[in-house]
Amino acid sequence: MPKVRNPNLPHSRYKGLLELPWDHGLPVPDIPTGRKWTDSDLDQWRQWWSSPQAAMWDESFIPTVAVMLTYFGKILDGTATSTHQMEYRHLAGSLGLTAEGMKRLGWTFQGDAQ
């Protein structure tokens, strides 16, 4: 059994982390118009906006998530350039959708810091 994390220790990497709720209960915003989105795009949009990280986003994040979704689609269909892939990684990290991004932002999932 793994050792229980104690965020109260002086050098704990979990000290001061913001715990994100698993179910934030916020509505999923409408996806921007201006292009034709596929059903899988819409599913991914809903998944990202239902994630614990989305509790920290507001409506100003809508265009950023939409751009990331465009890059994500290109990566999946094999048409992404190295620039698309690099930008996708940067956006995912900036939005806290990667472990590194969550660490940099000081976020953890509810219950993980205990």
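Read the figures in this text as sums done on the coordinates, not as results from a lab. None of these values were measured; they are calculated from a predicted model. Backbone-built Cβ (ideal geometry, glycine too); neighbour counts: all protein chains shown.
Per the helix-only calculation at 222 nm, which mean residue ellipticity applies to the chain, given -39500 (n - 2.57) for every DSSP H run of n ≥ 4 and division by its residues, nearest 500 deg cm²/dmol?
Numbers: 4 runs with 48 residues, N = 114.
That comes out to -13000 deg cm²/dmol.
In what sequence do H90, H24 fall when counting other Cβ within 10 Å, fewest first? Don't skip to the answer; put the middle values down first.
Details: H90 13, H24 16.
Ascending Cβ contact count within 10 Å gives the list H90, H24.
Loop-only trypsin sites (Lys or Arg not before Pro) in the range 10-107, please: DSSP not H, G, I, E or B, and at most 14 other Cβ atoms within 10 Å. It would help to have the intermediate numbers written out before the result.
Details: sites: R13, K15, R35, K36, R46, K74, R89, K103, R104; in loops: R13, K15, R35, K36.
Passing both the DSSP loop test and the Cβ count: R13, K15, R35, K36.
Tally Lys/Arg at +1 and Asp/Glu at -1 over every other residue whose Cβ is under 11 Å from the Cβ of G96; what's the total? Walk me through the intermediate numbers first.
Values: positive: K103, R104; negative: E100.
Surrounding charge for G96 is +1.
Taking Cα centroids, how far is the range 30-47 from the range 69-103 in Å?
16
For the chain, take the longest principal axis of its alpha carbons; what is the angle in degrees between that and the long axis of helix 82-94, to the nearest 10 within 0 to 90?
Once rounded, the angle reads 40 degrees.
Taking the Cβ of A55 as the centre, find all other residues whose Cβ is under 14 Å away and add up their charges (Lys, Arg: +1; Asp, Glu: -1). Working shown, then result.
Values: positive: none; negative: E19, D23, D58, E59.
Charge balance near A55 sits at -4.
Could you work out the local net charge near A80, counting Lys and Arg as +1, Asp and Glu as -1, over the other residues with Cβ closer than 15 Å to its Cβ?
Values: positive: K74, R89; negative: D41, D77, E87.
Around A80, the surrounding residues sum to -1.
Tell me the label only: which of (1) 37, 14, 12; (2) 27, 13, 11; (3) 30, 16, 12 is semi-axes √(5λ) of the Cα gyration tensor in Å as calculated from this structure?
(3)
Pairs of alpha-carbon atoms within less than 8 angstrom and 6+ residues apart define the contacts here; what relative contact order does the chain have, in percent?
This gives 36 percent for the chain.
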